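The values are calculated or read from the model by the stated rules, or taken from the named source; none is laboratory data. Since the structure is predicted, the reported quantities are computational estimates derived from the model, not experimental observations. No Cβ is skipped: glycine too gets one built from the backbone with ideal geometry, and neighbour counts run over all protein chains shown. Ligands, DNA and RNA are stripped out before the accessible areas are found, and what is left, the full protein with its side chains, is counted by its heavy atoms. Shrake-Rupley method; radii C 1.70, N 1.55, O 1.52, S 1.80 Å.
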Amino acid sequence: MSKYEGTSYSNVGIKVRLSRILKNDRAVIFAFDHGLEHGPRDFMEDRYMAKTILEKVVNAGVDAMMLLPGMARLTYDIWKNKVALIIKLTGKSDIRPQDKHYLQSSLGSVEQAISLGADAVAATVYWGSDYEDEMISHWYEIKESATYYGMPVLQLAYPRGSAIKNRYDPEIVMYGARAAAETGADLIKTYYTGNKETFAKVVEMAQGLPVVMSGGAVRDKPIEFLEDVYNVIQAGGSGVAVGRNVFRSNNIEGMVRAVMKVVHENALPEEAVKELEK
Ligand SMILES: O=P(O)(O)OC[C@H]1O[C@](O)(COP(=O)(O)O)[C@@H](O)[C@@H]1O
């Protein structure tokens with residue numbers, strides 16, 4: 001039997017672990033790999049310490065968080081036994097030579113994620129990139145290994161490359177979501193397409209797999225972000241994987257509570273935004 005044939009229990013493991021992230025097919029995931037992806041520029045002066053941010057996000061009751069292995073190691077006392085843990089196994093810095101910005105490098109293994117107590121692993125594929133082939137090969141390795149251990153895999157399906165003029169074009173985002181489904185993702189994270197009509201097509205293209213919106217740049221007003229999350233839910237999406245719109249907020253806990261109300265209670269944005277006034 002090959003190492004990757006998996007055991008007869010693998011599918012159970014995948015379902016059990018997914019149920020720790022998705023509640024009634026909905027999830028609010030705090031995406032927090034920015035320390036590598038963007039570096040210090042993402043953090044305001046009083047928020048350099050990751051634990052400061054994670055404490056607030058965990059206290060506000062987020063469903064899951066996505067961390068890199070090293071950050072999970074440094075902060076487990078904050079999140080252990082409180083939120084589901086997704087370990088991202090790929091990454092890149094923002095200071096590498098421009099010609100390699102369309103490559104997510106491998107920076108960990110499924111076994112390491114298991115050692116950290118992960119409920120899922122994550123990997124980015126920049127669909128359309130000059131380095132797509134390398135990321136597909138790495139995705140295959142992660143997927144095979146994760147399946148063996150009964151571990152679900154979140155694919156950050158980010159169309160991105162020198163040939164892609166607009167990564168947020170609905171057709172392009174649809175392509176990324178479909179590619180994620182075709183390559184075995186259990187959970188898909190991709191860009192918001194600007195309205196619920198086009199995002200509904202992304203969800204459909206994902207073949208019924210759960211799709212969460214990648215938060216994206218900080219909106220001018222909190223309610224604008226909540227409106228986007230609301231539209232994603234109306235479009236059949238499963239929620240959001242958000243970083244900057246939470247950890248750069250004037251009220252981190254209030255923003256998490258507001259997003260949770262939209263995702264899990266179908267609250268209207270104008271209702272949910274009141275959480276930031278408390
Ligand atoms: O699109 P960019 O600039 O590469 O940002 C990637 C970042 O976006 C995310 O996918 C989602 O985080 P945000 O909500 O801050 O956009 C992060 O996991 C990742 O670090």
Open item on the list: Going Cα to Cα from Lys100, which lysines come in below 21 Å? Please leave out same-chain ones fewer than 8 positions away.
Closed with: Lys88, Lys92, Lys165
Open item on the list: With a 1.4 Å probe and all protein chains kept in place, how much accessible area does His34 have, in Å² rounded to the nearest 10?
Closed with: 20
Task: Pairwise FRET efficiency - Glu144 versus Asp25, Cβ, R0 = 30 Å, nearest 0.05 - done: 0.70
TODO: Step through the residues of the stretch 68-78 one at a time and calculate ³J(HN,Hα) from phi using the Karplus curve (6.51 cos²θ - 1.76 cosθ + 1.60, θ = phi - 60°), rounding each to whole Hz and writing x for Gly and Pro.
DONE: 7, x, x, 6, 4, 4, 7, 10, 4, 5, 7
Task: About the Cα centre, charge dipole magnitude for the chain (Lys/Arg +1, Asp/Glu -1 at Cβ), debye - done: 500
TODO: Calculate one ³J(HN,Hα) per residue across the stretch 157-166 by plugging θ = phi - 60° into the Karplus curve 6.51 cos²θ - 1.76 cosθ + 1.60, and present them in order as whole Hz with x for glycine and proline.
DONE: 8, 10, x, 6, x, 4, 8, 9, 6, 9
Open item on the list: Residue by residue through the stretch 262-278, what is 3J(HN,Hα) from phi via Karplus (6.51 cos²θ - 1.76 cosθ + 1.60, θ = phi - 60°)? Round to whole Hz and write x for glycine and proline.
Closed with: 5, 6, 9, 10, 6, 5, 6, x, 5, 7, 4, 4, 5, 4, 7, 8, 7
Task: Compactness of the stretch 102-145 - radius of gyration and Dmax, Cα, Å - done: 11.1, 34
Task: Sulfur and carbon atoms: percent of accessible area, the stretch 10-277 [1.4 Å] - done: 50
Open item on the list: Just to confirm, what accessible area per residue do you get for the stretch 10-277 at 1.4 Å probe, in whole Å²?
Closed with: 43
TODO: Pull up all non-local amide H partners of Ala122: gap of 5 or more, or a different chain, and H-to-H distance under 5 Å with H placed in the peptide plane.
DONE: Ile87, Lys88, Leu89, Leu154
Task: Helical mean residue ellipticity (222 nm; -39500 (n - 2.57) per DSSP H run of 4+; nearest 500) of the chain - done: -12500 deg cm²/dmol
TODO: Any chance you could get the radius of gyration and Dmax over the Cα atoms of the chain, in Å?
DONE: 17.5, 58
Task: Share, in percent, of DSSP beta bridges within the chain that are antiparallel, nearest 5 - done: 10
Task: Ala27 long-range amide H proximity, modeled H, under 5 Å - done: Gly239, Val240
Task: Normalised per residue, the volume of the convex hull around the Cα set of the stretch 106-220 (Å³) - done: 116
Task: Surface accessible to a 1.4 Å probe, Glu197 within the full protein complex, Å² - done: 110
Open item on the list: In 10 Å bins starting at zero, report the fraction of Cα pairs in the stretch 202-278 per bin as a rounded %.
Closed with: 21, 55, 21, 3
Task: Amide H contacts under 5 Å for Val212, placed H, 5+ residues apart - done: Ile188, Lys189, Thr190, Ser238
Open item on the list: Can you give me the solvent accessible area of Arg41 with a 1.4 Å probe, rounded to the nearest 10 Å²?
Closed with: 140
